[in-house]
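The values are calculated or read from the model by the stated rules, or taken from the named source; none is laboratory data. A quick note: this is a predicted structure, and the numbers were derived from the prediction, not measured. A quick note on method: Cβ atoms are made from the backbone with ideal geometry, for glycine too, and the neighbour counts reach across all protein chains shown. Protein only, heavy atoms only, side chains kept; ligands, DNA and RNA dropped before computing areas. Shrake-Rupley method; radii C 1.70, N 1.55, O 1.52, S 1.80 Å.
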Amino acid sequence: MVEIGAERARVLPWRGSTRTAYLAPVPDSPPPSSSFIERCVERLSSQGYAGVVTPALAPADQRPFLLAGFEPHEQLHLLAHDLLELPPFERGATRRAHRADKRAVLKVDHAAFAPFWQLDRAGLQEALEAVPLTRFRVSTAAKGAIAGYAIAGAAARQGYLQRLAVDPGHQHEGRGLALIADALRWMRRRGAGRAVVNTQLGNEAALSLYSRAGFRMQPAGLAVLRRALD
């Protein structure tokens, strides 16, 4: 964590890299200024990092980073759900994730995502701690093997489907939809009036799944920003 006055940002290695840092605004804190971001960058450079990336940011949140020399690295679709009509939910289709499941969850994550997006243990923990309330569920196959997982979050009246992954060998079995249905119901019980999720441009399989679950594409997308450190 970097703190300067009231401004705060979370800092950790990006996906376990010793060369790339991850710099993320802290929810419920004042929006970071470009001068604060510049000071964070100076600190990361002095620690030997060669580059720094952000989480997926909305256009309004990107501005101070762009002023501090960041550039778009990955573009993402943003989708939203009004939590009124939810997809069918089958009780017992998912279960609570346990600490001992994390190794298997990361194995699923690595099978489902391209290298840039894969989580390591620190990244998984970051996803679990990103918002005040979190739900961590898994879908299991034969003999209890973990075939998919989802991390959902809630803050104020906003819900977040922060991470969803299904092992390629168990896709098209309804597991992704079951994990989404569980997450959306939990968000609504927690008082959320809207849920959001993002996915990479060109990920047609994910877009189709989210559409079937009731998510709708939003006009303004998101972007992961990056800056090289000299």
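For the stretch 23-38, the candidate set comprises residues that are open to solvent by less than 30 Å² (accessible area, probe 1.4 Å) and under 17 Å from the mean Cα position of the chain (by Cα); within that set, the residue that is modelled with the lowest pLDDT is V26. Checked against the criterion of being of a type outside the set (A, V, I, L, M, F, W, C), in contact with a strand residue (DSSP E or B) (Cβ under 6 Å, 6 or more places away or on another chain), closer than 17 Å to P55 by Cα and surrounded by 18 or more Cβ atoms within 10 Å (Cβ to Cβ), the candidates G153, G148 yield just one match: G153. Residues in the stretch 83-113 that are surrounded by 13 or more Cβ atoms within 10 Å (Cβ to Cβ), without any contact (Cβ under 8 Å) to a residue 40 or more places away in the chain and among the aliphatic types (A, V, I, L, M): L106 alone. Within this structure, R175 passes the test of being of a type in the set (K, R) and either in contact with a helix residue (DSSP H, G or I) (Cβ under 6 Å, 6 or more places away or on another chain) or closer than 23 Å to H77 by Cα (or both). Screening L179, L222 for residues that are under 17 Å from A97 (Cβ atoms) and either open to solvent by less than 40 Å² (accessible area, probe 1.4 Å) or of a type outside the set (V, I, T) (or both) leaves exactly one candidate, L179. Within the stretch 157-176, can you find the residues that are surrounded by 23 or more Cβ atoms within 10 Å (Cβ to Cβ), over 18 Å from R95 (Cα atoms) and of a type outside the set (S, T, Y)? Listed by number, the list holds a single entry, G159.
You will find that of A205, A195, the residue that is under 19 Å from the mean Cα position of the chain (by Cα) and either surrounded by 18 or more Cβ atoms within 10 Å (Cβ to Cβ) or hydroxyl-bearing (S, T, Y) (or both) is A195 and no other. Among the residues of the stretch 26-50, the ones that are outside any helix (DSSP H, G or I) and under 9 Å from P64 (Cβ atoms) come to 3 in all. Restricting attention to the stretch 121-149, the residues that are touching an Asp or Glu at 6+ places or on another chain (Cβ under 7 Å) and aliphatic (A, V, I, L, M) total 3. Among residues that are among the polar types (S, T, N, Q), in contact with a strand residue (DSSP E or B) (Cβ under 7 Å, 6 or more places away or on another chain) and either free of Cβ contacts under 8 Å to residues at least 12 places away in the same chain or open to solvent by less than 30 Å² (accessible area, probe 1.4 Å) (or both), Q62 is included. Each residue in the stretch 65-77 was checked for being part of a strand (DSSP E or B) and open to solvent by 30 Å² or more (accessible area, probe 1.4 Å), and 6 of them qualify.
The residues on offer are F215, F116, and the sole one that is loosely packed, with under 15 Cβ neighbours inside 10 Å, touching a residue at least 24 places away in the same chain (Cβ under 8 Å) and aromatic (F, W, Y) is F116. The number of residues in the stretch 119-145 being surrounded by fewer than 19 Cβ atoms within 10 Å (Cβ to Cβ), of a type in the set (S, T, N, Q) and touching a helix residue (DSSP H, G or I) at 6+ places or on another chain (Cβ under 6 Å) comes to 1. Checked against (1) open to solvent by less than 20 Å² (accessible area, probe 1.4 Å); (2) hydrophobic (A, V, I, L, M, F, W, C); (3) within 28 Å of L12 (Cβ to Cβ), L184 meets all criteria but (3).
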